[in-house]
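The values are calculated or read from the model by the stated rules, or taken from the named source; none is laboratory data. The structure displayed is predicted, hence computed values, not measured ones. No Cβ is skipped: glycine too gets one built from the backbone with ideal geometry, and neighbour counts run over all protein chains shown.
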Amino acid sequence: MSSSAAHNEASASARRAGLGLEFALGLVALPAVVYYLWICMRYHGGALVFPTSRTQLGELLREVPLPTWKAAAIYSIWVGAQLFLQLFAPGRWFPGAPLDDGTRLKYRLNGWFSWWLTLLVVLVLIWRRVIPATLLADELGAILSVANIGSLIFALYLYVFPSLHKTAPSAERRGGFFHDFFTGVVLNPRLGSLDLKFFCESRPGLILWVLIDLSLAAQQLELHGRISAPMFLVCIFHFFYVADYFLHEEAILSTWDIRHERFGFMLSWGCLVWVPFTFSLQAQYLVRHAHELPLPATVGIVALNAAGYFIFRSANLQKHRFRQSPTAPIWGKRPTFIRTARGTQLLTSGFWGIARHLNYTGDLMMGLAWCLTCKFGHVLPYFYFIYFSVLLIHRERRDDRHCAARYGADWDEYRRKVPWRMIPGVY
Ligand code: NDP
């Protein structure tokens, strides 16, 4: 390393260490937000609660769910079963994107099988009355607390024992404790053939999200004697989103999280807690709001979800297939692209010739469709769409900076050819 590079790295490291307070606050604030959302949904009909006195604050704090041994047992069995499936369910091995040193890690893609087998087993357990259909809905608060504690311990493990994971690139401490704990020190932590990040990205969180939805639908049936059309739609939309994820499981290997994000508290907690407990907010809301929708609204919501899905999936597949086979036609024509000085190619046809991140736009359209099923009585069911818009706009800008640094003049040319970021003519 040259002396100026060493100097730059030293000052970047000092900057990151200086961010310790922000990351420490994040460790407290993020779980607090999830608890707050759950409390508002569970005890206040989805209304925002603003305690204005110490007494009210005390009441709010008393509504924070405590972990229970029952919830700990449910969650441990759940994660254990998903681990077992990840390790032993049939599937194929697939190479990930090349790492900086040119090597590729192999991933066991058995999500499609694991997803259906999990659903089948849960169905049989409910049918045989081993567990009630409302189990997850009834225990949701306690399971949330167990998942929070579990993911905190897991992130500590990742931070304290990075050397257990002998995969390229090696562990790197780049800032102070809070920075490294929060953002992670290892890119691809592995125990033998088990890739911890790849596993957590989908199995224990994403599948749990759908099961929570279905359990909440069962709770609505118990409370109101029927499952409302909005609840039905939300369950179907989420079910379809996650099924699609597993059907195209290999596509996750080229995503930002897998390729560039180190595995620390932010990502592990995000996958294990944030996803199942905030993505299910619409279903949590609908349990106690069993309204119906007029037919035109239902048709509009279904159309918005279908259009969003088409854009999201087609854009992701176009890029994925183009990277595998650059001459395969897109929309019946030979694809156009920019050949970069780094050797990779940037697609400029199909959705990637209309805007630079239409895959994000499609994802957001689906998110909006899910929220609209809750009508307009409260703002909290729209939390997903608001948070996701912020996340994807921030992500698009971060990716843009990353690609500008990576591709230099070639990225400038791509920006000239495709000037819109996410919505042609608007943004
Ligand atoms: P992308 O799949 O859009 O990947 C961005 C990367 O693709 C860039 O860094 C660059 O990498 C490459 N690239 C960019 N433009 C081109 C082009 N024109 N031609 C070829 N390659 C290009 O981003 P993400 O990984 O963030 O997202 C993947 C999907 O996951 C999205 O649909 C998103 O909506 C979804 N998502 C969902 C989340 C959720 O919580 N539900 C959270 C985050 C994402 P390279 O270095 O290879 O050139």
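Among the numbered conditions (1) outside any helix (DSSP H, G or I); (2) more than 20 Å from Tyr107 (Cα to Cα), tell me where Asn188 comes up short.
(2)
Checking the condition in a loop (DSSP other than H, G, I, E, B) and surrounded by 16 or more Cβ atoms within 10 Å (Cβ to Cβ), which residue from Pro90, Pro65, Pro132, Pro98 passes?
Values: Pro90 fails: surrounded by 16 or more Cβ atoms within 10 Å (Cβ to Cβ); Pro132 fails: surrounded by 16 or more Cβ atoms within 10 Å (Cβ to Cβ); Pro98 fails: surrounded by 16 or more Cβ atoms within 10 Å (Cβ to Cβ).
Result: Pro65 is the single residue among Pro90, Pro65, Pro132, Pro98 that is in a loop (DSSP other than H, G, I, E, B) and surrounded by 16 or more Cβ atoms within 10 Å (Cβ to Cβ).
Applying the selection to the range 296-335, what residues are exposed (fewer than 15 other Cβ atoms within 10 Å of the Cβ) and either in a loop (DSSP other than H, G, I, E, B) or acidic (Asp, Glu) (or both)?
Ser325, Pro326, Thr327, Ala328, Pro329, Trp331, Gly332, Arg334
Name every residue in the range 259-271 that is buried (at least 18 other Cβ atoms within 10 Å of the Cβ) and within 13 Å of the ligand (Cβ to nearest atom), in order of residue number.
Looking only at the range 259-271, we keep the residues that are buried (at least 18 other Cβ atoms within 10 Å of the Cβ), and these are 262-271.
Selection gives Met266, Leu267, Gly270, Cys271.
Given (1) in contact (Cβ under 8 Å) with a residue 40 or more places away in the chain; (2) part of a helix (DSSP H, G or I), where does His378 come up short, assuming only one miss?
His378 satisfies every listed condition except (2).
Only one residue in Gly184, Gly175, Gly141 is within 19 Å of the chain's Cα centre (by Cα) and crowded, with 17+ Cβ neighbours inside 10 Å. Which one? Talk me through it step by step, then tell me what you get.
Values: Gly175 fails: within 19 Å of the chain's Cα centre (by Cα); Gly141 fails: within 19 Å of the chain's Cα centre (by Cα).
One residue alone meets the criteria, Gly184.
For the range 381-427, enumerate the residues that are within 12 Å of the ligand (Cβ to nearest atom), over 21 Å from the mean Cα position of the chain (by Cα) and assigned to a loop (DSSP other than H, G, I, E, B).
Result: Val418, Arg421.
Report, by residue number, each residue of the range 107-150 that is within 21 Å of Cys271 (Cβ to Cβ) and either in contact with a strand residue (DSSP E or B) (Cβ under 7 Å, 6 or more places away or on another chain) or among the β-branched types (Val, Ile, Thr) (or both).
If the condition is that a residue be within 21 Å of Cys271 (Cβ to Cβ) and either in contact with a strand residue (DSSP E or B) (Cβ under 7 Å, 6 or more places away or on another chain) or among the β-branched types (Val, Ile, Thr) (or both), then Tyr107, Arg108, Leu109, Thr118, Val122, Ile143, Val146, Ile149 are the ones that fit.
Looking for something part of a helix (DSSP H, G or I), assigned by TED's automatic domain parsing to the domain that holds Gly20 and charged (D, E, K, R) - is there at least one such residue anywhere in the range 104-111? Give the derivation first.
Start the filter on the range 104-111 by keeping residues that are part of a helix (DSSP H, G or I), which leaves 111.
Right, trim to assigned by TED's automatic domain parsing to the domain that holds Gly20 and you get 111.
This time we only want the ones that are charged (D, E, K, R), so: none.
Checked the range 104-111: no residue is part of a helix (DSSP H, G or I), assigned by TED's automatic domain parsing to the domain that holds Gly20 and charged (D, E, K, R).
Output the number of the condition that Leu120 fails; it satisfies all remaining conditions of (1) outside any helix (DSSP H, G or I); (2) free of Cβ contacts under 8 Å to residues at least 12 places away in the same chain.
(1)
Step by step: first the residues of the range 272-295, then only those that are away from the ligand (no atom under 11 Å from the Cβ) and outside any helix (DSSP H, G or I), then the one that is surrounded by the fewest Cβ atoms within 10 Å (Cβ to Cβ). Which residue is that? Before you say what the answer is, go through the steps one by one.
First, pick out the residues of the range 272-295 that are away from the ligand (no atom under 11 Å from the Cβ): 272-273, 276-277, 280-295.
Next, only the ones that are outside any helix (DSSP H, G or I) stay: 280, 288-294.
On the way: Ser280: 28, Arg288: 16, His289: 18, Ala290: 17, His291: 13, Glu292: 12, Leu293: 18, Pro294: 8.
Among them, the one singled out is Pro294.
If you go through the range 245-258 one residue at a time, do you hit one that is away from the ligand (no atom under 16 Å from the Cβ), surrounded by fewer than 22 Cβ atoms within 10 Å (Cβ to Cβ) and over 14 Å from the mean Cα position of the chain (by Cα)? Quick ask: steps written out before the conclusion?
So the first thing to find is which residues in the range 245-258 are away from the ligand (no atom under 16 Å from the Cβ), and the list is none.
Within the range 245-258 (the criterion being away from the ligand (no atom under 16 Å from the Cβ), surrounded by fewer than 22 Cβ atoms within 10 Å (Cβ to Cβ) and over 14 Å from the mean Cα position of the chain (by Cα)), the answer is no, since none of the residues qualifies.
For Pro204, are the conditions met, namely being in a helix (DSSP H, G or I), away from the ligand (no atom under 16 Å from the Cβ), of a type outside the set (Gly, Ala, Ser) and surrounded by 22 or more Cβ atoms within 10 Å (Cβ to Cβ)? Before the answer, list the steps.
On the way: in a helix (DSSP H, G or I): yes; away from the ligand (no atom under 16 Å from the Cβ): no; of a type outside the set (Gly, Ala, Ser): yes; surrounded by 22 or more Cβ atoms within 10 Å (Cβ to Cβ): yes.
Against the criterion (in a helix (DSSP H, G or I), away from the ligand (no atom under 16 Å from the Cβ), of a type outside the set (Gly, Ala, Ser) and surrounded by 22 or more Cβ atoms within 10 Å (Cβ to Cβ)), Pro204 does not qualify.
When you scan the range 16-30, how many residues do you find that are crowded, with 16+ Cβ neighbours inside 10 Å and either closer than 23 Å to Ile149 by Cβ or modelled with pLDDT of 80 or more (or both)?
The qualifying residues number 6.
Would you confirm whether or not the range 352-366 contains a residue that is near the ligand (Cβ under 9 Å from one of its atoms) and closer than 20 Å to Cys40 by Cβ?
Scanning the range 352-366 turns up no residue that is near the ligand (Cβ under 9 Å from one of its atoms) and closer than 20 Å to Cys40 by Cβ.
Kindly indicate the residue of the range 297-336 that is in contact with a Phe, Trp or Tyr (Cβ under 9 Å, 6 or more places away or on another chain), more than 10 Å from the ligand (Cβ to nearest atom) and small (Gly, Ala, Ser) and also farthest from Arg421 (Cα to Cα) among those meeting that condition.
Ala328
Filter the range 337-351 for residues that are assigned to a loop (DSSP other than H, G, I, E, B) and either of a type in the set (Phe, Trp, Tyr) or out of contact with any Ser or Thr (no Cβ under 8 Å at 6 or more places or on another chain) (or both); which is farthest from the ligand (Cβ to nearest atom)? Walk me through how you get there before you give the answer.
Let us first name the residues in the range 337-351 that are assigned to a loop (DSSP other than H, G, I, E, B), namely 340-344, 348-349.
When the remaining residues are screened for being either of a type in the set (Phe, Trp, Tyr) or out of contact with any Ser or Thr (no Cβ under 8 Å at 6 or more places or on another chain) (or both), the result is 340-344.
Numbers: Thr340: 8, Ala341: 12, Arg342: 8, Gly343: 10, Thr344: 5 Å.
Once the filter is applied, the top-ranked residue is Ala341.
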